[in-house]
Amino acid sequence: MSRKLNYREAMREAMHEALTNDPRVFLMGEDVGMYGGTYAFSKGFLDEFGPERIRDTPLSELGFVGAGIGAALGGMRPIVEVMTVNFSLLALDQIVNSAATFRHMSGGQFSVPLVIRMTTGAGRQLAAQHSHSLEGWYAHIPGIKVLAPATIEDARGMLAPALADPDPVVIFEHAGLFNMEGELPDDWSVDISSAKVRRAGKDVAIITHGGSLPKALAAAEQLAAAGIDAEVLDLRVLRPLDTATIMASVAKCRRAVVVDEGWRTGSLAAEVMARIMENAFYELDAPVARVCSEEVPIPYARHMEEAALPQAEKIVAAVKGFFA
Amino acid sequence: MTDHHAAAPPAGAVPWKKDFALRLLADMVRIRRMEEKAAEMYGAGKIRGFLHLYIGEEATAVGALHALSPEDNIVATYREHGHALVRGMDMGAIMAEMYGKREGCAHGRGGSMHLFDKATRLFGGNAIVGGGLPLAVGLGLATKMQNEKRITACFFGDGAVAEGAFHESMNLAALWKLPVLFCCENNLFGMGTSIERAESQTDLCVKAASYNMPALKVDGMDIVAVHEVTKQAAQRVRVGEGPLFVEYQTYRFRAHSMFDAELYRQKAEVEEWKTRGPIHTFSARLKAGGKLSEEEFLAIDAAANSEVAAAVAFAEAGTWEPIEDLLKDLHTS
Ligand SMILES: Cc1ncc(C[n+]2csc(CCOP(=O)(O)OP(=O)(O)O)c2C)c(N)n1
Ligand SMILES: [Mg+2]
């Protein structure tokens, strides 16, 4: 029997299960313990698992993310939580120069079985130092896997395979999804290798991930009312990209729009478009379109923030452009 | 959970002329009333995002900033409403910024955490913990290289001390003998993490000493002490002695931001610290010394309340920046 829960609860359950099942797993980050987690993902964990395994850190992102890498090298299975992707920039050196390189640079001797979770994305009027979507940057880095759970199932199911993965996995949780409710099916186990069609259609493929998925689905509903049958493809795994599933959707629909909350220039959307060019150019009826964030730091005022971000209306307009 | 017992409330005669003392008192009251209103407007949905109140800590910004000159540079954090106001920014421009209105100091682009004001040399509220420290070093460097007299006062919290940026900045400033005043507002918590749970060495002045930087510790609830110590410190920095570190020991009376169940501290601890509240203790001292009457206090409070009412009216009447301007100001030209 399926049951209803929200994204936050799904992620909390996933961490709870991991902590219960494997003594090597521990959670480390700012205010994960006594405060209950910045977004209450780990509320109650400190009492249940104790301060050794629910480890509050000082404001030392470079230090504790690096310590997570070291602990993984030393035999533990850390889950390191960074409050937001903006703050992860303080730890970028350790992630890019150490976590991502060690396996290859050591000639295959040292793996880093680490999971790093962080909040990403805009939509809460937190302005330019708390709202960015930099998962596309991380997806640029060979040596790490990048996940973007955008459904209740993925929020519940992605952590276990990420922890089982022998290499570093970075999980991006979009802040706009935390209160989203949904049905969790009985079998919620998921892989961390494939993209997934969230709505089947035949006229246009809307390719997206993370916080833009609900917007893409809303756009598809609006398009259906206008007689356009849109397919919505959730990338889920941003690195490595599941090229085959992307091309299957593109070949079926012959038109594609890529929706990405990252900035347009050098975006993940650009990479997806390039792959379509390389692999499916002759299947296309029209040039691939994209809806990205405007190229500005995200502003505070609500109307400006909304204008800066991809929205269902912008997706609808981009799709209608194909049929004009 | 650690108990942070409050010392006795600040007491003793106020060694200042009445005029000056009342000006500083008025500034503390202005911040308090402005922020209480901001909290109310947050509840009403007029202000959104994060809102970090300075309530309880007013003596630090007021005492310290009155010890600086208008030519000095200020670098602040996301808990900077008070600093902006005391520095001379118009309350209406601050309130309008919190509302996200075009008439705000940054046209509504930054909001509460990012108050900027070129006229008063406020180089921003910075929402990356520790993010302001390296900038302050650079501002000090520019001053030194251009033989200017100004100093840079950089405000940051106890939490920021754990960041690498703090240590790198302290070392650079000391190494290059830069005119930077490091103002650490130690309110004993970085969000929900108390200083004992974040620092192996909780005496922050010892850290400054390790960089060969002089350090002073002061009761941040005592505006007289804050002001006198900062004046002294600023003078030393100004004459070229190099950077200086001041630790202001203070306490935040409200939640970290607007969403915070405050599971990490006892209510009793907060109540105990409130007995050291900078406004009522300073008022009592002034009254005891015959420098303040109840009527005068009420007049100060009434003036602050009408300034707040005018600021709210200004923000309410404000307009929204047109969406066509979204890309404006990304580059200078
Ligand atoms: C680099 C970075 N990490 C984490 C945060 C989230 N955060 C915002 S304020 C804060 C606490 C900072 O404490 P402190 O420096 O003592 O200043 P206070 O809030 O007490 O004034 C935290 C953890 C952030 N803004 N930037
Ligand atoms: Mg603090």
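When the C-alpha atoms of the range A:187-259 are aligned to their principal axes, what extent does each axis show, in angstrom, from largest down?
35, 23, 23 Å, listed from the longest principal axis down.
Over the protein assembly as shown, consider all pairs of different Cα atoms and compute the Kirkwood hydrodynamic radius from their mean reciprocal separation; express it in Å, one decimal.
Working: mean 1/r = 0.0377 Å⁻¹.
The answer is 26.5 Å.
For the range A:154-245, give the percent of accessible area contributed by carbon and sulfur heavy atoms, probe 1.4 Å, rounded to a whole number.
C and S atoms contribute 55 percent here.
Taking H as built 1.01 Å from N, whose amide H comes closer than 5 Å to the amide H of A:Arg55, not counting residues under 5 places away?
A:Leu27, A:Met28, A:Gly29
Counting only DSSP beta bridges with both residues in chain A, what percent are antiparallel, rounded to the nearest 5? Kindly include the intermediate steps, with their values, before the conclusion.
Details: 9 of 44 bridges.
That works out to approximately 20 percent antiparallel.
Taking the Cβ-Cβ separation of B:Lys118 and B:Val239 as r and a Förster radius of 25 Å, what is the calculated FRET efficiency to the nearest 0.05? Intermediate values should be presented prior to the final figure.
Working: r = 27 Å, r/R0 = 1.07.
About 0.40, to the nearest 0.05.
Using protein chains only (no ligands, no nucleic acids) and a 1.4 Å probe, work out which residues of the range A:111-147 have their accessible area cut by at least 40 Å² relative to the chain alone.
A:Leu126, A:Gln129, A:His130
Give me the accessible area of B:Glu307, 1.4 Å probe, in Å² rounded to the nearest 10.
60
Within the range A:19-67, list the GluC sites (Glu not before Pro) lying in a DSSP loop whose Cβ has at most 13 other Cβ atoms in a 10 Å radius. Provide the component values of the computation, followed by the final result.
Working: sites: A:Glu30, A:Glu48, A:Glu52, A:Glu61; in loops: A:Glu30, A:Glu52.
Of the GluC sites (Glu not before Pro), the ones in loops of the range A:19-67 whose Cβ has at most 13 other Cβ atoms within 10 Å are A:Glu52.
In the range B:59-201, what percentage of the DSSP-assigned beta bridges are antiparallel, given to the nearest 5?
On the way: 3 of 15 bridges.
The antiparallel fraction comes to roughly 20 percent.
How big is the range B:154-262 on each of its three principal axes, counting only the C-alpha atoms and giving the largest first in Å?
46, 32, 21
Each residue of the range A:115-131 in order: what ³J(HN,Hα) in whole Hz does its phi give by Karplus 6.51 cos²θ - 1.76 cosθ + 1.60, θ = phi - 60°, with x for Gly and Pro?
10, 10, 10, 8, 7, 9, x, 10, x, 10, 6, 9, 6, 6, 9, 9, 10
Relative contact order of the range A:117-196: what whole-number percent is it, with Cα pairs under 8 angstrom and at least 6 residues apart?
Computed value for the range A:117-196: 37 percent relative contact order.
Please report the antiparallel percentage of the DSSP beta bridges confined to the range A:3-184, to the nearest 5. Spell out each step's value before the answer.
Working: 4 of 26 bridges.
That works out to approximately 15 percent antiparallel.
Tell me the carbon and sulfur percent of the accessible area for the range A:83-123, rounded to whole percent, probe radius 1.4 Å. Mind showing how you got there, number by number?
Numbers: 880 of 1530 Å².
Carbon and sulfur atoms account for 57 percent of the accessible area of the range A:83-123.
Tell me the mean residue ellipticity at 222 nm calculated for the protein assembly as shown from its helices only (DSSP H runs of n ≥ 4, each -39500 (n - 2.57), averaged over every residue, nearest 500). Display every interim value, and only then the final one.
Numbers: 24 runs with 254 residues, N = 657.
Value at 222 nm, helices only: -11500 deg cm²/dmol.
Mind listing the phi-derived Karplus ³J(HN,Hα) values for the range B:95-110, rounded to whole Hz, using 6.51, -1.76 and 1.60 with θ = phi - 60°, and x for any glycine or proline?
4, 5, 5, 4, 6, x, 8, 4, 7, x, 4, 10, 6, x, 7, x
Can you pull out the trypsin sites (Lys or Arg not before Pro) in the range B:1-108 that DSSP calls coil and that have at most 15 other Cβ atoms within 10 Å?
Qualifying residues, ordered by number: B:Lys17.
Find the Cα radius of gyration of the range A:267-324, compare it with 2.2 N^0.38 Å by division, and give the number to two decimals.
On the way: Rg = 14.0 Å, N = 58, 2.2 N^0.38 = 10.3 Å.
Ratio of Cα Rg to 2.2 N^0.38 Å: 1.36.
Put simply, what bits of the range A:1-45 lose 30 Å² or more of accessible area when the other protein chains are there, versus the chain on its own (1.4 Å probe)?
Listed by number, the residues meeting the 30 Å² cut-off are A:Asp31, A:Met34, A:Tyr35.
What is the set of long-range amide H partners of B:Gly124 at a cut-off below 5 Å, with H atoms built 1.01 Å from backbone N?
Result for B:Gly124 returns B:Ala76, B:Asp117.
At a Förster radius of 41 Å, what calculated FRET efficiency corresponds to the Cβ-Cβ distance of B:Glu294 and A:Glu52, to the nearest 0.05?
Values: r = 55 Å, r/R0 = 1.35.
Computed FRET efficiency for B:Glu294 and A:Glu52: 0.15.
Return the subset of A:Lys314/B:Lys101; A:Lys145/A:Lys196; B:Lys17/B:Lys101; A:Lys196/B:Lys46; A:Lys252/A:Lys320; A:Lys43/B:Lys207 for which the Cα-Cα distance in this structure is over 28 Å, preserving the input order. Please report the intermediate quantities before stating the final value.
Working: A:Lys314/B:Lys101 25 Å; A:Lys145/A:Lys196 17 Å; B:Lys17/B:Lys101 39 Å; A:Lys196/B:Lys46 40 Å; A:Lys252/A:Lys320 18 Å; A:Lys43/B:Lys207 33 Å.
Checking Cα-Cα distances, B:Lys17/B:Lys101; A:Lys196/B:Lys46; A:Lys43/B:Lys207 exceed 28 Å.
Assuming R0 = 22 Å, what is the FRET efficiency of B:His5 and B:Lys217, from their Cβ-Cβ distance, to the nearest 0.05? Before the final figure, lay out the partial values.
Details: r = 17 Å, r/R0 = 0.76.
It comes to 0.85.
With θ set to phi - 60°, apply the Karplus curve 6.51 cos²θ - 1.76 cosθ + 1.60 along the range B:226-240 and write out the HN-Hα couplings as whole Hz, x wherever there is a Gly or Pro.
4, 5, 5, 5, 5, 4, 4, 5, 4, 4, 4, 5, 5, 7, x
Over 5 Å intervals from 0, what percent of Cα-Cα pairs in the range A:107-167 sits in each interval?
Result returned by the calculation: 4, 14, 21, 22, 19, 11, 6, 2, 1, 0.
Can you pull the percent of Cα pairs in the range B:218-321 with separation above 18 Å?
I get 70 percent for the Cα pairs in the range B:218-321 exceeding 18 Å.
Above 37 Å lies some portion of the pair distances; for the range B:18-314, what is it as a whole percent of all C-alpha pairs?
Details: 4263 of 43956 pairs.
Counting pairs separated by more than 37 Å, the tail of P(r) holds 10 percent.
For A:Ile171, which sequence-distant residues (separation of 5 or more, or a different chain) have an amide H within less than 5 Å of its own amide H, given hydrogens modelled in the peptide plane?
A:Ile116, A:Arg117, A:Met118, A:Leu147
Report the convex hull volume per residue for the range A:196-323, counting only C-alpha atoms, in Å³. Don't skip to the end; give the middle numbers.
Details: hull volume 12.4 nm³, N = 128.
Dividing the Cα hull volume of the range A:196-323 by its residue count gives 97 Å³.
Please report, in whole Å, how far the alpha carbons of the range B:17-153 spread along each principal axis, starting with the longest.
Answer, in whole Å and largest first: 49, 39, 25 Å.
In chain A, how does Rg compare with the Kirkwood Rh, expressed as the Rg/Rh ratio over alpha carbon atoms? Intermediate values should be presented prior to the final figure.
Values: Rg = 19.5 Å, Rh = 20.1 Å.
Rg/Rh: 0.97.
The values are calculated or read from the model by the stated rules, or taken from the named source; none is laboratory data. Just so it is clear, the structure is predicted and the values come from calculations on it, not from any experiment. Cβ: placed from backbone, ideal geometry, glycine included. Neighbour counts: every protein chain shown. All accessible areas refer to the heavy atoms of the entire protein, side chains included, with ligands and DNA or RNA removed. Shrake-Rupley method; radii C 1.70, N 1.55, O 1.52, S 1.80 Å.
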